[in-house]
1. Stokes-Einstein at 4 °C, 1.567 mPa s, Kirkwood radius from Cα pairs: D for the stretch 848-925 in µm² s⁻¹?
2. Using R₀ = 25 Å, calculate the FRET efficiency as 1/(1 + (r/R₀)^6) where r is the Cβ-Cβ separation of Q351 and L649; round to 0.05.
3. At q = 0.09, 0.11, 0.22 Å⁻¹, what log₁₀ I(q)/I(0) does a Debye calculation on the Cα points of the stretch 353-455 give, no solvent, two decimals?
4. Using the eigenvalues of the Cα gyration tensor, what equivalent ellipsoid semi-axes result for the stretch 694-823 when each is taken as the square root of five times the eigenvalue, whole Å, largest first?
5. In what sequence, highest mean first, do 324-337, 391-404 appear when ranked by Cβ atoms within 10 angstrom?
6. Once amide H atoms are placed 1.01 Å from N in the peptide plane, what residues at a sequence separation of 5 or more from F608, or on another chain, have their amide H within under 5 Å of its amide H?
7. Set the bar at 27 Å for Cα to Cα. Now go through K185/K267; K187/K267; K384/K844; K904/K927 and name every pair that lies beyond it.
8. What's the extension gain from Q922 to L504 if we count 0.36 nm per residue and subtract their Cα-Cα distance?
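The values are calculated or read from the model by the stated rules, or taken from the named source; none is laboratory data. Given the structure is predicted, the values throughout are model-derived calculations rather than measurements. All Cβ positions, glycine included, derive from the backbone under ideal geometry; neighbour counts span all protein chains shown. We work out accessible area using only protein heavy atoms, side chains counted, and drop any ligands, DNA or RNA first. Shrake-Rupley method; radii C 1.70, N 1.55, O 1.52, S 1.80 Å.
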Amino acid sequence: MTEETEVGVDLTPTSEPEQQAPHFLQDVIFHGKFKLLKALTPEENTLCQHGLFFSDGQRRVDYVLTYPVKKPCGGRSIRPATHLLTENAVARSLRRGPKSREERLKRHQAQKPRDSPAVDVETGLHVENHNGQEEKAFKREEFEGKLRDIGLDLEKDEDAKIPGVCFVKIHAPWHVLCREAELMKLKMPTKKVYEVKQSGGVMEKIGSLVSKVVEPLHPLVEEHQHKNFKHLSHTFSREKQHLFDLSDKDYFFDSRTRSSIVYEILKRTKCKARYSMGITSLLGSGVYTAAYPLHDGEINEESAEPNDRKLLYEEWANYSVFYKYQPIGLVRKYFGEKIGLYFAWLGLYTQMLIPASLVGVIVFLYGCATVDDNIPSMEICHPKNNITMCPLCDRVCSYWKLSTACGTARASHLFDNPATVFFSIFMALWAAMFMEHWKRRQMRLNHEWDLTGFEDEEDHPRAEYEFRVMQKSCSKDRKFRNKEDKLTCQDRFPAYMTNIVMMLLMIGVTFAIVFGVILYRISTKAALHMSSNPTTRNHVQLTVKTTAAIINLVVILILDEVYGAVARWLTVLEVPKTDKSFEERLIFKTFILKFFNAFTPIIYIAFFRGRLVGRPGSYLYVFESYRMEECAHGGCLMELCIQLSITMLGKQLIQNNLFEIGIPKLKKLIRYIRSAKGAFQEEERQKKLQRYETDHFLEPFAGLTPEYMEMIIQFGFVTLFVASFPLAPLFALLNNIIEIRLDAKKFVTELRRPVAARAKDIGIWYNILRGVAKVAVIINAFVISFTSDFIPRMVYQYMYSPDGSMHGFVNHTLSYFNVSHFQEGKETMDPLHLGYPVEICRYKDYREPPWSTTPYEISKEFWVVLAVRLAFVIVFQNVVMLMSDIVDWMIPDIPKDIILQIHKEKILLVDLFMKEEQGKIQNLERKVSTESKENCSSRSNNNNNSTAAHQRSGLHNNSTKSL
């Protein structure tokens with residue numbers, strides 16, 4: 001800053017109460033502020049009042065810090081509302097002195113009463129701390145002083161309309177932005193603009209035709225109109241500023257870049273302690289309560305000036321434009337690359353669900369069309385079917401006719417038909433296509449967003465890690481202080497063991513809850529069979545299945561929140577060094593817990609239910625009284641479909657949509673009520689509050705992990721058990737159409753503006769997606785082979801059918817049992833329920849009949865079917881994975897036109913620098929030639945002068961001789 005700014009014009013406040021100006025000086029400050037505001041133009045005054053600029057209407061607010069202040073009884077703060085004078089030169093020089101901080105620290109600690117012990121962050125020793133607010137005020141003073149030393153401008157507003165909150169507005173001047181942009185290696189557009197030419201030929205014509213057809217689907221934003229031209233970008237350098245268009249320095253760095261630069265400064269600026277890292281540590285210790293950049297402006301007012309936020313609200317965060325593409329470039333411009341990549345991935349995933357949904361609907365319609373031609377269901381539903389089935393439970397259940405399972409058998413055919421095998425193969429290839437398509441889309445975005453060659457920089461250590469290292473170093477003897485301080489595996493061993501034990505415990509809780517639901521189904525089924533109401537007895541299966549699925553859904557929703565908190569707690573225990581490491585570990589733990597929580601009930605129904613039952617006369621029991629439940633005669637696939645559909649739809653409607661809408665609004669309402677502003681109407685509050693005050697009521701940005709997690713779990717529902725529920729892609733598509741606009745509206749209107757973060761990919765989520773896609777192939781192979789009746793039908797048709805048809809298949813899958821072989825006390829209490837005594841009943845299994853030499857032993861048909869099932873699993877998964885690898889190999893990761901454009905940009909950059917060097921050489925040559933000419937002219941003048949002098953001296957000599 002210049003000296004004049006330091007003396008009288010800088011709006012940077014003083015932050016110590018003891019350094020307040022006298023009363024007469026406060027009057028001067030107030031009148032000076034009034035005159036300054038009157039001198040502003042109406043437009044500047046409006047911008048100033050809206051809170052986007054400092055009080056001078058010139059300097060933009062790039063970041064805001066908040067902390068609590070105590071108000072006197074009158075309701076106003078002790079300090080002036082907005083400080084217009086900065087610290088004087090003496091105070092600033094004292095703060096900058098090498099020993100000033102230590103002296104002030106000793107003075108500050110000496111002034112504190114010694115009542116309660118605390119830990120000094122610098123030395124790690126116990127010091128006395130009575131007033132924590134004074135300690136926080138001292139830290140704020142020092143931190144803000146260091147920010148001023150770095151070059152940032154600060155302005156405080158303690159007289160805000162939100163009682164008890166002080167706002168510290170931060171502005172980064174031009175020289176700070178240039179310095180930090182060079183340090184952060186930001187790529188900025190140069191003056192050079194080149195045309196992006198498409199590859200010629202038939203593909204170009206097809207592409208242009210398609211673009212004309214989908215033109216109404218594009219949002220009305222500027223980025224779409226200038227897609228054929230691109231600025232040549234280069235890493236910003238202060239020495240090469242002439243390469244960039246600096247005609248308007250106020251908008252060369254947009255608000256997203258400015259806020260990210262300020263945040264980088266805030267993160268790395270240490271406050272007082274060796275192990276206290278910047279704003280993250282200060283927020284964690286309560287020195288500041290919030291830190292956030294500002295939104296660009298209003299979105300609802302008719303008179304609001306056009307800005308990126310309002311454009312995003314109209315063309316993106318609006319349900320009326322659900323059919324349009326997302327303005328991904330504008331999203332990236334406003335929120336940064338990391339959030340832009342999430343919405344680009346979500347948009348591509350939603351687009352890829354369209355063909356999957358169409359094929360799934362066709363498969364479902366095929367099942368509907370062929371249900372009347374399905375011979376096994378026709379045999380079950382035939383009125384002359386006199387097959388008597390064994391009781392489904394002990395004592396209270398009686399014998400029943402197979403024809404009563406007609407509805408279940410017909411419904412099972414909708415999801416268990418030959419088309420589901422084709423659909424499973426299709427979805428496996430679809431997942432591979434989606435992965436490859438995203439890699440290409442990601443590379444295209446990297447090029448468009450100037451992220452080519454970008455590498456993740458080493459992140460700053462987290463404040464918790466530094467504090468733990470400080471504690472470790474303080475606990476050592478002084479002779480070991482010279483060694484490098486870091487947390488070793490030995491230090492983290494207790495946390496690792498706690499993680500392993502707690503993860504196993506949480507998974508065990510999930511299994512226990514599933515087991516509890518199993519007991520609920522068994523006991524409820526027995527209770528409903530004892531009912532005197534015939535309607536209740538006739539709908540036992542449907543009632544038990546539906547209620548159990550709803551109970552599972554409620555438990556899943558509750559445990560999801562619990563597991564999210566447990567995963568975060570376990571990750572904090574590990575004390576990861578960087579934010580990136582913390583995020584990856586948190587994502588991995590959360591995914592494991594939520595995956596088991598969502599899919600354990602489904603896995604039980606698909607692979608375990610009905611296989612651990614035993615047989616009549618020798619059933620398996622739980623607690624010696626509860627008989628393990630069986631599948632319905634139509635198979636467990638129908639129950640799997642019910643469980644999957646209720647869980648998927650419930651999570652999407654309740655957790656993903658209702659919670660995302662309701663919880664942010666509820667938290668915003670709570671903050672609004674706590675701010676003691678509830679007496680004002682909403683319209684008046686919106687008019688009176690400034691931008692930084694309005695954003696204070698918004699929900700803080702908590703990261704993209706919840707957004708990704710719900711989509712990854714949905715991806716699991718779509719791919720893992722798609723053989724049992726071909727309509728899953730359709731429901732996912734309908735949900736995502738709403739989800740995109742819901743998330744967009746949340747980011748634009750409900751959340752504080754997040755700090756823009758650079759990223760070239762979606763990180764660990766891509767590996768999780770690939771893992772889920774690989775596991776989906778194996779699970780679908782087992783579902784088709786063991787859960788559905790596809791393999792038994794094929795084996796019967798080609799090996800046991802007398803005429804090569806499916807006639808007799810139902811009778812072939814049923815075994816015989818002599819009712820006299822029931823265990824004592826397990827037989828039915830109503831043996832004449834069907835009106836006649838029963839001697840032989842049937843049950844679904846491959847076992848020898850009671851008149852065989854080996855009664856009730858497993859028959860050879862069972863082993864044949866089992867061998868074919870295992871062979872199908874091996875062949876299916878290898879063929880599908882081979883096809884997926886072929887798709888991966890055939891589709892290049894980087895589009896050809898992007899490779900050509902990157903090569904073209906390198907050539908243009910070389911030409912640009914060569915021209916620059918040539919210009920320098922030519923300027924140097926001109927300078928040298930000019931200097932040489934000047935030297936020659938000076939020499940000739942000197943020669944002429946010397947010749948004239950000689951001539952004058954000769955004449956003088958001659959005249960002397962003549963005299």
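1. 66 µm²/s
2. 0.70
3. Values, matching the q order: -0.47, -0.58, -1.07.
4. Sorted largest first and rounded, they come to 51, 17, 14 Å.
5. Final packing ranking: 324-337, 391-404.
6. So F608 has HN proximity to no qualifying residue.
7. Distance filter (> 27 Å) returns K904/K927.
8. 143.2 nm
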